[in-house]
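Taken together, the values in this text are just the output of simple stated rules run on the coordinates, not laboratory data. Values in this document were obtained by computation on a predicted structure and should not be read as measured data. Positions of Cβ are generated from backbone atoms using ideal geometry, with glycine treated the same way; all protein chains shown enter the neighbour counts.
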Amino acid sequence: MGALQGKVAIVTGAASGIGRASALLLADRGAAVLAVDRAPEVIDTAGLITGRGGRADAVQADCATEKGVAAFVAQAIRDFGRLDILHANAGILGAFAPTFDEGPDAFAETLRVNLIGPWLAIRAAVPHMGKGGSIICTASVAGQRAGAGGVAYSASKAGVINLVQTTAQLLAGTGIRINAVAPGLVETGMTHALFDAARTRGREGKIGQLNPLRRSGEPAEVAEAVAFLASDAASYVNGQVLAVDGGLGTSHPFAPRPPGS
């Protein structure tokens, strides 16, 4: 019997990458999964789960609007009768290079999707969760210190880390835990262009060179951390950020560039 047998999970940003890997692994461990994403490929994620004998449904929704969040939480309850796990994973990269050129609208959109979205999902999910419930947000090593992402993206992920910490206090006494995973360099739909650019320049061997493991990560490796935090094995882990980054966060080495360079 799987460690999550009988539990119900919502995974946002589940059309590809970390979200899809998380949805598949949670289902493999026994959870029924509602996969959510704006992209139509989220339907394929649910199909992969059911094809492996799991229970799943899919919803296309904007994960950073009250209407979209209310709809997918309601569907999880309607389809599966309860809610035990929320993996608030949906996110966008925004401008990758640290620069002052990113306009306020683009900056705000990154914050909306990456930070307001998880908050809306948490707020909507908590009333349906009981003791033993687990919320996992996808943060990033870019939210811990400089050198791993653009300004808006990094700020949004720093916000996610603080959101986890402050929400853990809001949930005091409920028995609901909230934690975050902080991936390092992982090839997903969001970062695929970066990997392709390195391969085109013949620099594939340098991907991940700044972390002690000297490689990039796989979505499945992050999913393992998510599944741990979702399970009773992590019953005393709360308000924490688990880095899955090959050791990148131990130093974040980079050469700062002056503005305009």
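List of remarks:
- Labels on offer are (1) 25.2, 88; (2) 17.0, 50; (3) 17.7, 57, and the one holding Rg and Dmax of the Cα atoms in Å computed from this structure is (3).
- Gap separating the Cα centres of the range 122-165 and the range 1-22, nearest whole Å: 17
- Charge context of ALA39, other residues only, Cβ under 15 angstrom, K/R +1, D/E -1: -2
- Electrostatic tally near GLU218: other residues with Cβ closer than 14 Å to its Cβ, Lys and Arg +1, Asp and Glu -1, net -2.
- Fewest neighbouring Cβ atoms within 10 Å first, the residues VAL186, VAL33 line up as VAL186, VAL33.
- In terms of surrounding Cβ atoms within a 10 Å radius of their Cβ, LEU229, LEU26 rank from fewest to most as LEU229, LEU26.
- Phi-derived couplings, Karplus 6.51 cos²θ - 1.76 cosθ + 1.60 at θ = phi - 60°, listed residue by residue for the range 57-71: 9, 10, 9, 8, 7, 7, 7, 10, 10, 4, 5, x, 5, 4, 5 Hz, with x used for Gly and Pro.
- Ranked ASP84, ASP37, criterion: other C-beta atoms within 10 Å, fewest first: ASP84, ASP37
- Annotation: the antiparallel percentage among DSSP beta bridges lying fully within the chain is about 0.
- Using θ = phi - 60° in the Karplus curve 6.51 cos²θ - 1.76 cosθ + 1.60, the 3J(HN,Hα) couplings for the range 14-26 round to 8, 6, 6, x, 4, x, 5, 4, 5, 4, 5, 6, 4 Hz; x is entered for Gly and Pro.
- Degrees separating the helix 219-230 axis from the principal Cα axis of the chain, which is the longest one: 40
- Ratio of Rg to Rh for the range 68-163: 1.06 [Cα atoms; Kirkwood radius as inverse mean 1/r over pairs].
- Helix-only mean residue ellipticity at 222 nm for the chain, each DSSP H run of n ≥ 4 adding -39500 (n - 2.57), per residue, nearest 500: -11500 deg cm²/dmol
- Cβ charges +1 (Lys, Arg) and -1 (Asp, Glu), total dipole of the chain, debye: 400
- Phi-based couplings in Hz for the range 144-158 (Karplus 6.51, -1.76, 1.60; Gly and Pro marked x): 9, 6, 6, x, 10, x, x, 5, 5, 4, 5, 5, 5, 6, 4
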